[in-house]
Every structure is written in structure tokens, then in C-alpha cells.
Amino acid sequence: MKLVLKERSIDLKIPLIMGILNITPDSFSDGGQFLKTDEALNHAEKMVKAGADIIDIGGESTRPGSRAVSGREEIDRIIPVIERVKKEFEILVSVDTSKDEVARIAVAEAGADLVNDISGLRFSDNMVAVVASLGVPVIIMHILGTPKNMQRNPSYKDAVVEIKNHLSERIDYAMASGISRNKIIVDPGIGFGKRFQDNIEIIRRLREIAELKCPILIGLSRKSFLGQISGEKIPQNRETETMTANIISILNGASIIRVHQVENMVRALKVLRHLLDFN
């Protein structure tokens, strides 16, 4: 399986590590840490040196209960950072947004390489057309509701089956709108309108989602369900839990791993590659 970019493709036999860079005051784990461009750039440099393959830059928190911000506010927060990162480092950048105007400026003007849309191309009527016209890959995520209300009693009969069916419909929609299948990545949306047991089942049954024949992104870094398992209440202290769950996800078919702490995950992946001899 390959990640097809505008000018090249990347073999996903070896999973990619995506580092998180939130330019927000209220993200659940690192809110407020990188609001200044220089602070964000320093953190990006650390992730690049640690071995990140992609940096995911977002300007709107999507934690449970978070408030939406305007497109203008997102643009003001992230565009200077994307421009500087692309200028100073040889690294892929994804823009984490569900607003088409933010995606367009981030890619066409600031140089971002792909779009990460938590809404699965649903929150913005023009997002699918914008992504198709830009010709970049898109990450389509499953979410039940919106960040503001997604954790208010989510319910499924069979979460994995329903998530897979939803993602399949979104893939069809994207392709019918002009996005090539080889530019679509799917994300089952761990923690986004999911109960504790749903998150567990997604990881255990990830191979069912892999039947969609699109690369799978997993974003479970430091999330609360991991703390429910281990008893760790502080998100920043859930790195061991994060690496363990990510390794299981890789073994079950994940191709892109989205994390806060890049260095630890890169080192863990090196050991996994060596022990399983997949190079």
C-alpha cells in the first residue's frame, strides 16, 4: 500500500509516524504550549530530529466539549507555522481542519501536503471539492456528532461494523466527487464519539477496517480510555500506554500512527521492525 502525494509516493510497508502540533489554547494534552510561532517551530524541529514522517498542524481543539473557532482564527494560528515548517524542514505537513477555506490556504499558499479532516468531509460543504481540486491526500475520520457533543451517550450495536460502513460510504462519496482512491486514508476516530469498549474493539478488530483497502491512521495518543485501563489520570504520563496500544494497532494493520511524543514511538517502531524483520 502506498501514500500517493502530488509529486511522489511513499511505501507504507513501514508505518509512518505523524507528530501532533496543536496551535490551540485548549487541546486536552498540550493546549497553550505552542501558540507562539517560535515555540511551535522549536517543537516541530524536535519532532523532525526525532524521526517524524509527517507533522499534523491544527488550530482548533477537537477534545470532547471543545468550542468551534472561526476559519479566520484557525488561519491566523496555523498558516505562519505551516509556512515556516515547510521552509525550514524537509517534512510532510498535514493540516488538521474541517474547514474548506483553511484547507485551501494551508495547501495552496502555505505548502501543506495533505488534509486531515475529522468530520470525514461532512462539516464543510465545499471541502470535498477543495480537496479534489488541490490533488492532495485526505484523511477521512469517523466521528459521531461533533466535538462539542460527541461524548454525550454515544451508542452502537456493533461499533466496528458501523464505523466501517460509514467510512465505506465516505470513500464512495469522495471518489464520486473527484478524489482518487489512492489519495484516501481512513481513521476510525478513536475517542470521537466512542465508549470505552468501542475504542478497545476498534484496536482489536482493526483488520476489518483494513478490508476497505485504504491506509489506516490511528490517533489514540494519551487518550482517556488508556488512563481508564492503567489508572493514570494525567494525559502526559500515558506514553507507555500509548506505545503499547499503537504497537498492537500496527500489528493489526495501521499504516500511520499519530502521536504527541515522536521519539518514543520511533524507537519502539525500530525494535518492532527488527524483531519482525519487516524493512
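The values are calculated or read from the model by the stated rules, or taken from the named source; none is laboratory data. This one's a predicted model, so the numbers in the text were calculated from it and none came from an experiment. A quick note on method: Cβ atoms are made from the backbone with ideal geometry, for glycine too, and the neighbour counts reach across all protein chains shown.
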Note to self: Anything in the stretch 168-177 that is small (Gly, Ala, Ser), in contact (Cβ under 8 Å) with a residue 24 or more places away in the chain and farther than 14 Å from Val115 by Cβ? List them, or say none.
What the structure shows: Ser168
Item checked: Which numbered condition Thr244 misses (of (1) in contact (Cβ under 8 Å) with a residue 24 or more places away in the chain; (2) farther than 22 Å from Pro137 by Cβ; (3) of a type outside the set (A, V, I, L, M)) -> (1)
Checklist line | Out of Arg195, Arg152, Arg181, sole residue that is surrounded by fewer than 19 Cβ atoms within 10 Å (Cβ to Cβ) and without any contact (Cβ under 8 Å) to a residue 12 or more places away in the chain | finding: Arg152
Next item on the list: Quick one: Ser94 ticks every box in (1) within 17 Å of Ile10 (Cβ to Cβ); (2) part of a loop (DSSP other than H, G, I, E, B) except a single one, so which number is it?
Entry: (2)
Note to self: Just to verify a result, which residue in the stretch 225-252, among those that are small (Gly, Ala, Ser) and surrounded by fewer than 18 Cβ atoms within 10 Å (Cβ to Cβ), is nearest to Ile10 (Cα to Cα)?
What the structure shows: Gly227
Margin query: Quick check on this structure: which one of Arg258, Arg222 is touching a His at 6+ places or on another chain (Cβ under 9 Å) and in contact (Cβ under 8 Å) with a residue 12 or more places away in the chain?
Written below: Arg222
Check: Here are some residues: Leu3, Leu92, Leu35, Leu16. Which one is crowded, with 18+ Cβ neighbours inside 10 Å, of a type in the set (A, V, I, L, M, F, W, C) and modelled with pLDDT under 95?
Finding: Leu3
Note to self: Taking the conditions exactly as written (in contact (Cβ under 8 Å) with a residue 24 or more places away in the chain and in a helix (DSSP H, G or I)), does Leu121 satisfy them or not?
What the structure shows: no
Next item on the list: Please work out if Lys148 is part of a helix (DSSP H, G or I) and basic (Lys, Arg).
Entry: no
Item checked: Complete set of residues in the stretch 38-53 that are surrounded by fewer than 24 Cβ atoms within 10 Å (Cβ to Cβ) and either under 13 Å from the mean Cα position of the chain (by Cα) or not in a helix (DSSP H, G or I) (or both) -> Gly51, Asp53
Next item on the list: Report yes if some residue within the stretch 236-251 is assigned to a loop (DSSP other than H, G, I, E, B) and within 16 Å of Arg204 (Cβ to Cβ); otherwise report no.
Entry: no
Margin query: Test of understanding: among Val81, Val115, Val85, which residue is closer than 20 Å to Arg8 by Cβ and either more than 17 Å from the chain's Cα centre (by Cα) or in a loop (DSSP other than H, G, I, E, B) (or both)?
Written below: Val85
Next item on the list: Filter the stretch 54-72 down to the residues that are under 22 Å from Val93 (Cα atoms) and assigned to a loop (DSSP other than H, G, I, E, B), then identify the one that is farthest from the chain's Cα centre (by Cα).
Entry: Ser70
